[in-house]
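The values are calculated or read from the model by the stated rules, or taken from the named source; none is laboratory data. Note that the coordinates shown come from a computational prediction; the quantities given were computed from them, not determined experimentally. Neighbour counts run over all protein chains shown; Cβ positions are idealised from the backbone, glycine included. Surface accessibility is based on the protein's heavy atoms, side chains included, excluding ligands, DNA and RNA. Shrake-Rupley method; radii C 1.70, N 1.55, O 1.52, S 1.80 Å.
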Amino acid sequence: ALARGHKRMQEAAKAMEGGDAAALHRLRLAAKRQRYGAEALAGLFAGKAARRATRRLAALQNALGHINDAATVAALLAALPQHARAAGLVAGFLAARAGERRAALDGLWRKYRRDAVFWA
C-alpha cells in the first residue's frame, strides 16, 4: 500500500512543475493518503525513518494545503464585487503566503523523497 501510494505521489508531483492549482490539489490529496497510511504502519518499522517520513509528508501536505486554501479563497472573493477593496487585500495577502509555500515546495519534495521509502 505504501509503495503504491508513493508511486501515486511521484506521478502527482509532476504538477509542481506547472504550478496548476488543480494538479497541486491532487498532489495534496495523494500526500494526505500517503501520510495516513505511513502513520498507521510506522509502528511496524524500527528506527526513526518512518517518523521522519511522516513528518516530511505532514510538511508537504501543510504547504500544499495553504496553496489550495489561497486558490479557493481567491475564487470565493472574486464573487464579492461589492467588497472588492477588502477582497483585494485578503487575496493579496493569501497570494503572498501561497507564493512562499510554492517556493518551499521543491525543497519539501526533495526532503520527502530522500526519506520516503522507509518500508523497503
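Here are the numbers:
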item	result
The range 12-28, residues that are in a helix (DSSP H, G or I) and in contact (Cβ under 8 Å) with a residue 12 or more places away in the chain	Ala12, Ala15, Met16, Ala21, Leu24, His25, Arg26, Leu27, Arg28
Test for Ala87: is it free of Cβ contacts under 8 Å to residues at least 12 places away in the same chain, surrounded by fewer than 12 Cβ atoms within 10 Å (Cβ to Cβ) and more than 20 Å from Glu11 (Cα to Cα)	no
Selection from the range 15-34 of residues that are open to solvent by 60 Å² or more (accessible area, probe 1.4 Å), among the charged types (D, E, K, R) and farther than 18 Å from Ala3 by Cβ	Glu17, Asp20, Arg26
Filter result (free of Cβ contacts under 8 Å to residues at least 60 places away in the same chain and either over 30 Å from Glu39 (Cα atoms) or not in a helix (DSSP H, G or I) (or both)) within the range 95-119	Ala95, Ala96
So Ala78, is it more than 30 Å from Phe45 (Cα to Cα), open to solvent by less than 60 Å² (accessible area, probe 1.4 Å) and of a type in the set (A, V, I, L, M)	no
Selection from the range 48-58 of residues that are open to solvent by less than 50 Å² (accessible area, probe 1.4 Å) and free of Cβ contacts under 8 Å to residues at least 40 places away in the same chain	Thr54, Ala58
Matching residues in the range 100-118 - criterion: being open to solvent by less than 70 Å² (accessible area, probe 1.4 Å) and under 13 Å from the mean Cα position of the chain (by Cα)	Arg101, Ala104, Leu105, Gly107, Leu108, Trp109, Tyr112
